[in-house]
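Rule-based calculations on the coordinates, nothing more; no lab input. Computed from a prediction, not measured in an experiment: that's the story for all the values here. No Cβ is skipped: glycine too gets one built from the backbone with ideal geometry, and neighbour counts run over all protein chains shown.
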């Protein structure tokens with residue numbers, strides 16, 4: 001690799017001089033190829049930053065979009081927040097892309113870029129909670145004891161407190177939630193460990209950085225906090241900035257909806273009761289009155305959540321008024337028990353600082369419970385979610401009362417787009433039929449520049465899209481057996497090396513059972529191991545086949561022949577009975593628009609583009625895409641899908657598939 005002899009200032013060269021053949025990138029990147037779309041995107045981002053105008057860009061896989069926005073962001077001299085769809089992409093930017101740019105710009109190591117990254121508080125250790133647990137250990141089993149020992153040793157040396165540094169800590173560790181720095185347990189400046197706090201240090205680094213890398217969950221959590229605090233200067237998590245870049249921007253509506261919504265559960269109330277009880281015991285302050293208040297809170301919570309309407313998974317809570325007429329006493333009882341506990345804590349003489357935090361949490365639960373049960377806000381859908389317990393065949397069931405905005409567009413228009421000088425939205429999947437009308441309408445983005453960039457890949461020669469014309473409609477009982485036969489034949493042609501993606505766990509498990517004894521290749525299934533472990537096994541196992549659902553439709557990158565086929569069972573329409581989807585459909589239809597064509601089809605188009613996007617990840621990839629749902633050919637709306645996909649070569653003939661893989665017809 002040849003490096004420039006002297007440091008390069010991005011302000012002294014043009015974008016063309018950086019990206020073009022013979023430029024800085026070509027001299028520093030070992031796999032350099034000139035990508036016209038990358039240069040065009042960088043120029044569009046630079047113009048948007050200079051003009052203080054919003055920009056939306058669809059940049060297909062292979063464009064190199066991270067450098068296309070990082071370089072103009074650095075050149076701008078502004079503080080910019082970059083928000084990504086996943087923590088994995090966040091870490092790739094911070095630990096791979098930024099160091100590469102530093103090496104390109106400062107080849108002799110004589111400079112650094114001003115960059116930090118932030119995650120949600122529950123990713124970081126709270127030293128006070130760790131020390132409190134040391135003083136009074138409440139550990140369950142050998143596994144928690146071993147994890148506690150490992151975390152204690154790590155705490156003495158870590159500079160960030162980020163749990164990702166502990167490679168052996170399971171994702172579902174039951175100990176970590178007792179130790180993390182979540183906001184509801186935070187004492188702020190009154191904490192004895194404030195000066196050594198990892199959250200304090202993270203905020204300090206961010207306040208001194210020109211570029212702050214976050215993820216969408218943290219960004220919208222911050223935006224929601226600032227809205228609730230009515231933009232108080234010290235509210236929120238993230239520093240003020242001049243611009244924001246949203247990478248994987250197709251996820252914004254759903255993530256914003258979850259953070260501008262409300263959720264109260266029996267788990268959340270039990271967490272409060274447990275934290276209060278542990279603190280009182282630690283401080284030897286558990287009086288008879290407080291013990292009685294805690295007992296009452298637990299009983300009232302159990303009664304109230306047990307009375308909520310029955311149902312599986314997620315369902316609308318449409319009869320709240322009738323529910324309150326029948327069960328008003330239990331609702332008032334829960335409210336009063338929260339009020340009683342807060343009053344008992346407030347009345348404690350010479351109480352520890354954390355008691356004020358518990359009072360605030362109890363009051364917040366009362367306010368949110370009142371909204372969930374009594375609000376008539378027309379832009380909110382109220383619903384119930386049941387997790388675990390009887391429906392899953394184990395343990396106690398947890399019940400969540402939820403409220404979600406039906407339309408986030410006016411909220412984002414007011415809190416984000418009208419207040420931010422420049423918002424840049426990019427993803428490989430934002431356009432439907434070559435325009436951004438759908439996404440702009442859903443998130444309230446107005447008067448933005450837009451661009452659909454040419455792909456760096458030659459899809460017509462690299463990919464073949466096969467749609468079997470003889471399969472039954474996927475909604476019929478006959479579909480399962482016919483689809484299993486078709487998948488089995490395709491996997492024999494491709495010699496495994498495939499993702500088989502489904503729109504539900506039920507369909508995935510049904511097809512897995514049908515094919516398990518029929519496929520002569522190693523078969524992996526989502527849920528049988530953690531996602532990253534499954535992906536690693538897939539990469540390392542020749543001819544493997546992976547059965548997956550929604551989490552494998554996006555954010556997954558397997559290059560080369562190991563993944564030569566992606567099969568999708570049906571058009572990925574959102575479940576129409578889902579309470580949030582159903583409420584949005586009703587709202588759009590009642591406004592005079594057609595929800596099917598304006599919302600359900602475009603949403604499914606973007607999801608399908610994401611799923612198919614797993615296949616071609618480099619110029620050297622080659623493979624087969626299969627959609628087992630021939631409604632895309634038979635129905636009027638199918639044209640919208642076909643016109644939105646890349647220019648894959650298409651066929652309905654299995655013989656063309658065999659020829660593509662050089663297999664003789666069977």
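Taking every Cα-Cα distance in the stretch 459-660 and sorting them into 5 Å bins from zero, the calculated P(r) comes out as 1, 7, 16, 20, 21, 16, 10, 5, 3, 1, 0 percent. Dimensions of the stretch 560-666 based on its C-alpha atoms, expressed as ranges along the principal axes with the largest first, amount to 54, 27, 23 Å. By DSSP, the beta bridges lying fully in the chain are antiparallel in about 30 percent of cases.
Dividing the Cα radius of gyration of the stretch 39-154 by 2.2 N^0.38 Å, with N the residue count, gives 1.54. Ranked by the mean number of other Cβ atoms within 10 Å of their residues, highest first, the peptides 209-219, 13-23 fall in the order 209-219, 13-23.
Counting only Cα atoms, the size of the stretch 262-405 along its three principal axes is 46, 36, 26 Å, in decreasing order.
Report the far tail of the P(r) of the stretch 118-275, meaning the percent of Cα-Cα pairs longer than 20 Å. List each step's numbers first, then the result.
Values: 7093 of 12403 pairs.
In whole percent, the share of Cα-Cα pairs in the stretch 118-275 beyond 20 Å is 57.
Computed from the Kirkwood radius of its Cα pairs, the Stokes-Einstein diffusion coefficient for the stretch 126-193 at 25 °C and 0.890 mPa s stands at 194 µm²/s.
Please find the FRET efficiency linking residue 20 to residue 557, where r is the Cβ-Cβ separation and R0 is fixed at 30 Å, and quote it to the nearest 0.05.
On the way: r = 27 Å, r/R0 = 0.89.
Efficiency at R0 = 30 Å is approximately 0.65.
Relative contact order, whole percent, for the chain stands at 16, derived from Cα pairs under 8 Å and 6 or more residues apart.
Return the calculated 222 nm mean residue ellipticity for the chain, to the nearest 500 deg cm²/dmol, obtained by summing -39500 (n - 2.57) across DSSP H runs with n ≥ 4 and dividing by the residue count. About -13000 deg cm²/dmol. Once you divide the Cα radius of gyration of the stretch 574-616 by 2.2 N^0.38 Å, the number left is 1.35.
Here the stretch 256-298 yields Rg over Rh of 1.18, to two decimals, using C-alpha coordinates and the Kirkwood radius.
Packing around the peptides 259-267, 441-449, taken as the average count of other Cβ atoms within 10 Å per residue, puts them in this order, highest first: 259-267, 441-449.
How fast does the stretch 377-520 diffuse by Stokes-Einstein, in µm²/s, taking the Kirkwood radius from C-alpha pairs at 4 °C and 1.567 mPa s? All intermediate terms of the calculation are to be shown ahead of the outcome.
Details: Rh = 20.7 Å.
D, rounded to a whole number, is 63 µm²/s.
Rounded to the nearest 10 degrees, the angle from helix 65-76 to the longest Cα principal axis of the chain is 70 degrees. Rounded to whole Å, the principal axis extents of the Cα atoms in the chain read 81, 68, 55, largest first. The angle between the Cα long axis of helix 198-207 and the longest principal axis of the Cα atoms of the chain comes to about 50 degrees, rounded to the nearest 10.
Peptides 468-480, 545-557: what's the order by average Cβ count within 10 Å, highest mean first? Kindly include the intermediate steps, with their values, before the conclusion.
Numbers: 468-480: 13.5, 545-557: 20.2.
Descending packing order for the listed peptides: 545-557, 468-480.
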